[in-house]
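Chemist: Take a look at this one; I'll ask things after.
The values are calculated or read from the model by the stated rules, or taken from the named source; none is laboratory data. Predicted model, so just to flag it, every value in this text is computed and none were measured. No Cβ is skipped: glycine too gets one built from the backbone with ideal geometry, and neighbour counts run over all protein chains shown. Accessible surface areas use protein heavy atoms only, side chains included; no ligands, DNA or RNA. Shrake-Rupley method; radii C 1.70, N 1.55, O 1.52, S 1.80 Å.
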Amino acid sequence: MQIGVYGAGYLGTVVSACLADFGTPVSCCHPDSSQMVAMAQGSVPFHEKNLTEVIKRNVRSGRLAYSTDIESFARKAQVIFLAEDSPQHLTDLAIRIARAAAKPPILSLVTPVPVGTATAIEQRITEAGLRATIVSQPMFFTPGCAIEDFNWPDRIILGTDSNDAVLAIKQIFHSLVMRGVPVIVTNHETAELVRESATAFVATKISFINELASLCERVNADAVSLSLALGLDKKIAPRCLQPGAGMGGLFAESDMDSLADLAQRNGVSLKVLSAAREVNHGLADQVIEKISKCVQSVQNKDVGILGLAFKPNTNSVAGSSSMRLAKNLIAQGARVRAYDPVALLDARLELNGSVFYCESPYAAAEGVDALVVGTGWPEFRGLDFSRIKQMLRRPLIVDTKNLLDSVRLRAMGFEYVGVGRG
């Protein structure tokens, strides 16, 4: 079966590479010829663990090809995954593909879309006198481990009333289905709502543990041990139950915005979601309060931030708590120095010249009044903290991810401040 993937952003690049890794011929299409050439050469415009290797392997084997000819692409592929990062031109794209296809195609919507999008696209295709089968298929990737998420998903969601479409997509994902990954077949609206609801639920979970972390600091309890104990309850589970500086990600904010807008338009009050978002956005201010408590005020102080990506193993700064922290620090009169292994370029686009960008974690620590761990990059655990202590103006480390060994650092003479830890 010839598979097509339309999109050369984050989603399209990951989906096309991983589908080809199943052993099926895949054509990835996008009108940007320079980007298609770069992709074919293994040059990915963002950082994602193991993705470049997967692309190169499948291009060499002939299973993964890149094209700018959408008409030829539409004629050849039987199943096409629409995997643009934004749904802005999705309807026009679906109509164009349906018009060019040799026979009615199966179009799987991977792009994050508001509830009602798939039904609206079906209606527009019918009004145009065309035929196509639309499947709502949200995929759940966490930047930094998207390859693992694709190959080991918790479930496969298919929003469609077409048995033929279900059979075709099950055939494509045969290795996952045979491994026992559950396949949930439902209608369009439910499938579309799953994604936004899952994001909101995780945000609620993270916000709750962060509120408990604040309580832990008041009553001399330890939030890390608390989250472990809660997470071992089979009704809760440990994933996304770690205190820290908040939830972020490429699609997290848009998912929650879309869900909140959907509820408002239908006269439904999602108070828990509103509270979770409020807690999530307020965590950067709590970090600043921790720093201010130690240095009196952040105004005219120098603060170093280790990590700007929203999580390790990605260059994405979308929804990053570190980015929010940097902006809030600057707004309150602090001078910020920052280092990240891969996200500096993306951070520059958002923060402009308001931050001094450093080429190493040691440069970020040079002469600052407080050093903040903003992203849980594993390499930060192995830093030479004796050297860092000599470079800091004040030996203060604020660890928003509870990444470092607090006992060791305090024994070395650091003032260590974690999240929810005594």
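Chemist: Here's a check for you: in segment 392-408, which residue that is open to solvent by 30 Å² or more (accessible area, probe 1.4 Å) and within 28 Å of the chain's Cα centre (by Cα) is modelled with the lowest pLDDT?
Modeler: So in segment 392-408, the residues open to solvent by 30 Å² or more (accessible area, probe 1.4 Å) come out as 393-395, 401, 405, 407-408.
In the following step, the residues that additionally are within 28 Å of the chain's Cα centre (by Cα) were identified as 401, 405.
Details: LYS401: 89, ASP405: 92.
Among them, the one singled out is LYS401.
Chemist: Related question: Scan segment 97-111 and tell me whether some residue there is open to solvent by 40 Å² or more (accessible area, probe 1.4 Å) and touching a strand residue (DSSP E or B) at 6+ places or on another chain (Cβ under 8 Å). Reasoning before the result, please.
Modeler: Step one: filter segment 97-111 for residues open to solvent by 40 Å² or more (accessible area, probe 1.4 Å), giving 99, 102-104.
Then keep just the ones that are touching a strand residue (DSSP E or B) at 6+ places or on another chain (Cβ under 8 Å); that gives 104.
Yes.
The rows are residues; the columns are (1) modelled with pLDDT under 90; (2) open to solvent by 40 Å² or more (accessible area, probe 1.4 Å); (3) under 25 Å from the mean Cα position of the chain (by Cα); (4) of a type outside the set (Lys, Arg).
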| position | (1), (2), (3), (4) |
| --- | --- |
| ALA347 | no, no, yes, yes |
| ALA363 | no, no, no, yes |
| THR375 | no, no, yes, yes |
| PRO378 | no, yes, yes, yes |
| GLN390 | no, yes, no, yes |
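Chemist: A further question on this structure: Select, from LEU215, LEU167, the only residue that is closer than 30 Å to TYR416 by Cβ, among the aliphatic types (A, V, I, L, M) and surrounded by fewer than 16 Cβ atoms within 10 Å (Cβ to Cβ).
Modeler: Details: LEU167 fails: closer than 30 Å to TYR416 by Cβ.
So the residue among LEU215, LEU167 that is closer than 30 Å to TYR416 by Cβ, among the aliphatic types (A, V, I, L, M) and surrounded by fewer than 16 Cβ atoms within 10 Å (Cβ to Cβ) is LEU215.
Chemist: Which number in (1) free of Cβ contacts under 8 Å to residues at least 60 places away in the same chain; (2) closer than 17 Å to LYS301 by Cβ; (3) more than 28 Å from the chain's Cα centre (by Cα) marks the one condition that PHE385 misses?
Modeler: Of everything listed in (1) free of Cβ contacts under 8 Å to residues at least 60 places away in the same chain; (2) closer than 17 Å to LYS301 by Cβ; (3) more than 28 Å from the chain's Cα centre (by Cα), PHE385 misses just condition (2).
Chemist: ARG195 is checked against (1) more than 23 Å from the chain's Cα centre (by Cα); (2) buried (at least 19 other Cβ atoms within 10 Å of the Cβ); (3) of a type outside the set (Asp, Glu) and fails just one. What number does that condition carry?
Modeler: (1)
Chemist: Here is a list of conditions, (1) part of a loop (DSSP other than H, G, I, E, B); (2) open to solvent by 20 Å² or more (accessible area, probe 1.4 Å), and ARG124 meets all of them except one; can you say which number that is?
Modeler: If we test ARG124 against (1) part of a loop (DSSP other than H, G, I, E, B); (2) open to solvent by 20 Å² or more (accessible area, probe 1.4 Å), just (1) comes out false.
Chemist: Return yes or no: is ALA118 of a type in the set (Gly, Ala, Ser), under 24 Å from ALA8 (Cα atoms) and in contact with a Leu (Cβ under 7 Å, 6 or more places away or on another chain)?
Modeler: Numbers: of a type in the set (Gly, Ala, Ser): yes; under 24 Å from ALA8 (Cα atoms): yes; in contact with a Leu (Cβ under 7 Å, 6 or more places away or on another chain): yes.
When the stated conditions are applied, ALA118 passes them.
Chemist: If you go through segment 13-54 one residue at a time, how many are touching a Lys or Arg at 6+ places or on another chain (Cβ under 6 Å) and not in a helix (DSSP H, G or I)?
Modeler: Initial filter on segment 13-54 (touching a Lys or Arg at 6+ places or on another chain (Cβ under 6 Å)): 20, 25, 42.
With the extra rule that they be not in a helix (DSSP H, G or I), the set shrinks to 25, 42.
The number of residues fulfilling the criteria is 2.
Chemist: Ok, one more. Could you name every one of the helices (runs of 4 or more DSSP H) located completely within segment 335-422 that has at least 2 residues being under 20 Å from LEU283 (Cα atoms)?
Modeler: Working: elements: 344-351, 361-365, 385-391, 406-411.
Counting at least 2 such residues, we get 344-351.
Chemist: Still on this structure, please answer the following. Here are some conditions: (1) under 30 Å from PHE310 (Cα atoms); (2) in contact with a strand residue (DSSP E or B) (Cβ under 8 Å, 6 or more places away or on another chain); (3) open to solvent by 40 Å² or more (accessible area, probe 1.4 Å). PHE140 meets all but one. Which one does it not meet?
Modeler: Result: PHE140 fails condition (2) only.
Chemist: Going by what's in this entry, would GLY319 be described as at positive phi and either open to solvent by less than 70 Å² (accessible area, probe 1.4 Å) or assigned to a loop (DSSP other than H, G, I, E, B) (or both)? Give the steps one after another, and end with the answer.
Modeler: Values: at positive phi: yes; either open to solvent by less than 70 Å² (accessible area, probe 1.4 Å) or assigned to a loop (DSSP other than H, G, I, E, B) (or both): yes.
Here the answer is yes, as GLY319 does meet what is asked.
Residues are listed down the side, and each one gets a yes or a no for (1) at pLDDT 80 or above; (2) out of contact with any helix residue (DSSP H, G or I) (no Cβ under 6 Å at 6 or more places or on another chain):
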site	(1), (2)
PRO238	no, no
GLN242	no, no
GLY246	no, no
SER254	no, yes
ASN300	yes, yes
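Chemist: In a loop (DSSP other than H, G, I, E, B) and either in contact (Cβ under 8 Å) with a residue 40 or more places away in the chain or not small (Gly, Ala, Ser) (or both), is that true of ALA276?
Modeler: No, not satisfied.
Chemist: Which of the following residues is farther than 18 Å from GLU84 by Cα, touching a residue at least 60 places away in the same chain (Cβ under 8 Å) and surrounded by 17 or more Cβ atoms within 10 Å (Cβ to Cβ): PHE22, PHE46?
Modeler: So the residue among PHE22, PHE46 that is farther than 18 Å from GLU84 by Cα, touching a residue at least 60 places away in the same chain (Cβ under 8 Å) and surrounded by 17 or more Cβ atoms within 10 Å (Cβ to Cβ) is PHE22.
Chemist: How many residues does segment 299-315 hold that are farther than 15 Å from LYS401 by Cβ, of a type outside the set (D, E, K, R) and surrounded by fewer than 24 Cβ atoms within 10 Å (Cβ to Cβ)?
Modeler: Total meeting the criteria: 3.
Chemist: How many residues are more than 21 Å from PRO25 (Cβ to Cβ), touching a residue at least 60 places away in the same chain (Cβ under 8 Å) and of a type outside the set (A, V, I, L, M) when one looks only at segment 163-200?
Modeler: 7
Chemist: Collect the residues in segment 332-372 that are under 15 Å from ASN300 (Cα atoms) and among the charged types (D, E, K, R), keeping them in residue-number order.
Modeler: Those that are under 15 Å from ASN300 (Cα atoms) and among the charged types (D, E, K, R): ARG335, ARG337, ASP369.
Chemist: Of all residues in segment 64-92, which are within 13 Å of GLY9 (Cβ to Cβ), open to solvent by 20 Å² or more (accessible area, probe 1.4 Å) and touching a residue at least 12 places away in the same chain (Cβ under 8 Å)?
Modeler: Scanning segment 64-92 gives GLU84, ASP85, SER86, PRO87.
Chemist: Any chance you could count how many residues in segment 62-118 are closer than 22 Å to SER33 by Cα and not β-branched (Val, Ile, Thr)?
Modeler: 30
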